[in-house]
Amino acid sequence: MISFYPGPSKVYPEVRNWLLEAYDCGILSQNHRSSAFEQLVAQTVSVWKNKLKIPDNYSFFLVSSATEAWEIIAQNIASEGSIHFWNGDFGKKWAETTNEITQKAENQSFEINTFPEVKGNLGEKIICLTQNETSNGTQISNKIIGEFRSQNPQSFMAVDATSSMAGVVLDWKKADVWFASVQKCFGLPSGLAVLVCSERLMEKINQEKNITHYNSLFSIGQNMAKFQTTHTPNILGIYLMHRLAQNVAPITEIDTKIRKQAQNWYHFFETQTDLELLVSNSAVRSDTVIVLKGTEEWTKKTIQMAEKEGIILGKGYGSWKNTSLRIANFPAIEAWEIEELQTFFQKQNL
Ligand SMILES: *Cc1c(COP(=O)(O)O)cnc(C)c1O
């Protein structure tokens with residue numbers, strides 16, 4: 001079975017051996033305050049920061065999911081309010097989740113074929129951007145994130161990079177919080193997420209010492225200083241993260257490959273098929289999630305026919321649930337799998 005589902009997505013084939021290794025080395029029965037565990041976390045953080053080119057003065061935390069990261073941000077950073085720029089269902093849901101907690105989330109929605117616009121200085125509110133909108137296959141470039149930053153040097157900025165982190169280069173210094181769960185570009189089983197925070201943000205958190213929530217960012221930081229976690233974490237997941245970090249190529253290499261592959265996919269659909277891409281403006285098309293638009297009947301039939309050939313395609317999501325299908329362009333997917341899916345689409349075209 002080949003999977004192009006954009007989350008949970010194809011896991012790296014090496015995961016099979018690493019699962020056995022995790023069992024055999026005994027780490028799963030080690031206490032999470034033990035030095036064996038601390039060493040595992042220390043190495044995981046250090047190798048990933050190196051592979052993803054995360055600046056030294058940024059913290060790397062392990063949490064449980066991207067949805068949890070939304071809540072962490074709402075509870076710990078968004079007390080002065082937040083302003084959410086979104087063009088799809090993940091960005092919208094983030095704003096809604098935040099508003100349930102703070103009652104201070106503002107929406108700035110934009111059309112899928114356009115860029116979000118920075119309109120002057122946004123003040124104390126935290127700026128929330130969804131770098132890669134998994135529901136419709138659009139992305140916000142590092143350049144635009146940088147423009148938000150330069151117009152709002154005082155504001156904290158949070159970026160949901162769930163379906164792009166570990167797939168493309170992110171310009172870490174341009175924002176204060178970045179997060180992603182591992183079942184997308186990391187190519188690992190679900191149950192963990194990465195939260196990357198700037199020094200400037202952690203200074204504020206360390207002054208406030210807010211410990212009123214299960215997910216206190218202050219407590220998360222205090223524990224990570226000892227390479228520990230606030231609770232007994234997903235040790236199996238962390239072990240897999242650790243093994244993948246050792247194995248994976250540096251992000252600049254992965255980025256080059258993923259962008260080339262994305263160009264190949266878009267070119268393929270535009271020149272070899274009559275199929276319609278959901279996003280018409282090539283400047284905002286995602287490098288990691290490619291979305292096709294179609295009638296309800298075509299979408300359903302195509303997903304079913306692919307499944308008969310052993311290929312799993314991503315269903316539509318949110319507003320585009322029944323009239324689009326999604327194809328993950330994540331690093332764990334191999335060239336022969338892409339060829340097979342392209343052959344499938346060419347046959348459909350006849
Ligand atoms: C998948 C996804 C989420 C939710 O991730 P979970 O790990 O299920 O919490 C949030 N934001 C984006 C952009 C996503 O693609």
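Tell me, which residue of the range 122-136 that is part of a loop (DSSP other than H, G, I, E, B) and within 11 Å of the ligand (Cβ to nearest atom) is farthest from ASN99 (Cα to Cα)?
In the first step, residues of the range 122-136 are kept if they are part of a loop (DSSP other than H, G, I, E, B); the result is 122-125, 131, 134-136.
Filter once more, keeping what is within 11 Å of the ligand (Cβ to nearest atom): 131, 134-136.
On the way: GLN131: 20, THR134: 21, SER135: 21, ASN136: 23 Å.
Result: ASN136.
Could you tell me which residue of the range 73-91 is nearest to TYR214 (Cα to Cα), considering only residues that are part of a loop (DSSP other than H, G, I, E, B) and more than 15 Å from the ligand (Cβ to nearest atom)? Spell out how you get there, then give the answer.
Let us first name the residues in the range 73-91 that are part of a loop (DSSP other than H, G, I, E, B), namely 77-81, 87-88.
If we keep only those that are more than 15 Å from the ligand (Cβ to nearest atom) too, we end up with 77-81.
Details: ILE77: 15, ALA78: 16, SER79: 17, GLU80: 20, GLY81: 21 Å.
Top of the filtered list is ILE77.
Condition first: more than 9 Å from the ligand (Cβ to nearest atom) and not in a strand (DSSP E or B). Now tell me which residues in the range 54-72 satisfy that.
ILE54, PRO55, ASP56, ASN57, TYR58, GLU71, ILE72 - these are the residues of the range 54-72 that are more than 9 Å from the ligand (Cβ to nearest atom) and not in a strand (DSSP E or B).
Mind checking which residues of the range 1-45 are touching a Leu at 6+ places or on another chain (Cβ under 7 Å) and either acidic (Asp, Glu) or assigned to a loop (DSSP other than H, G, I, E, B) (or both)?
Correct list: PHE4, VAL11, TYR12.
Specify the residue that is nearest to ILE327 (Cα to Cα); the eligible residues are those in the range 272-294 that are of a type in the set (Ser, Thr, Tyr) and modelled with pLDDT of 95 or more.
Ranking the candidates gives THR288 first.
Considering only the range 42-90, how many residues are out of contact with any strand residue (DSSP E or B) (no Cβ under 9 Å at 6 or more places or on another chain), of a type in the set (A, V, I, L, M, F, W, C) and buried (at least 19 other Cβ atoms within 10 Å of the Cβ)?
Qualifying residue count, the range 42-90: 0.
Looking at the structure I just gave you, is LYS300 basic (Lys, Arg) and touching a residue at least 40 places away in the same chain (Cβ under 8 Å)?
no
Among all residue pairs at least 6 apart or on different chains, which show Cβ distances below 6 Å where the first residue, located in the range 78-97, is in contact (Cβ under 8 Å) with a residue 40 or more places away in the chain and the second is in a helix (DSSP H, G or I) and of a type in the set (D, E, K, R)?
TRP86/LYS92
If the requirement is being hydrophobic (A, V, I, L, M, F, W, C) and either within 15 Å of the ligand (Cβ to nearest atom) or part of a loop (DSSP other than H, G, I, E, B) (or both), which of these qualifies: TRP94, TRP48? Break it down into steps so the answer makes sense when it comes.
Numbers: TRP48 fails: either within 15 Å of the ligand (Cβ to nearest atom) or part of a loop (DSSP other than H, G, I, E, B) (or both).
Answer to the selection: TRP94.
Check LYS143 against each of (1) closer than 30 Å to GLN261 by Cβ; (2) touching a residue at least 12 places away in the same chain (Cβ under 8 Å) and name the one condition it does not meet.
(2)
Can you go through PHE110, PHE115 and tell me which one is of a type in the set (Phe, Trp, Tyr), more than 15 Å from the ligand (Cβ to nearest atom) and either surrounded by 18 or more Cβ atoms within 10 Å (Cβ to Cβ) or at pLDDT below 95 (or both)?
Only one candidate qualifies: PHE115.
Looking at SER181, SER190, SER198, which one is within 16 Å of the ligand (Cβ to nearest atom) and crowded, with 21+ Cβ neighbours inside 10 Å? Give the derivation first.
Details: SER190 fails: crowded, with 21+ Cβ neighbours inside 10 Å; SER198 fails: within 16 Å of the ligand (Cβ to nearest atom).
Exactly one of SER181, SER190, SER198 is within 16 Å of the ligand (Cβ to nearest atom) and crowded, with 21+ Cβ neighbours inside 10 Å, namely SER181.
Examine the range 158-165 for a residue that is away from the ligand (no atom under 16 Å from the Cβ) and within 15 Å of the chain's Cα centre (by Cα), and state whether such a residue exists.
No, that holds for no residue.
Please tell me if GLY146 is away from the ligand (no atom under 16 Å from the Cβ), farther than 26 Å from GLU71 by Cβ and in a helix (DSSP H, G or I).
yes
Within the group LEU244, LEU325, which residue is part of a strand (DSSP E or B), of a type outside the set (Gly, Ala, Ser) and either over 23 Å from GLN348 (Cβ atoms) or out of contact with any His (no Cβ under 9 Å at 6 or more places or on another chain) (or both)?
Values: LEU244 fails: part of a strand (DSSP E or B).
None of the others qualify; the one that does is LEU325.
The values are calculated or read from the model by the stated rules, or taken from the named source; none is laboratory data. Computed from a predicted model, the values in this text were never measured in an experiment. Cβ sites come from the backbone with ideal geometry, for glycine too, and all protein chains shown count toward neighbours.
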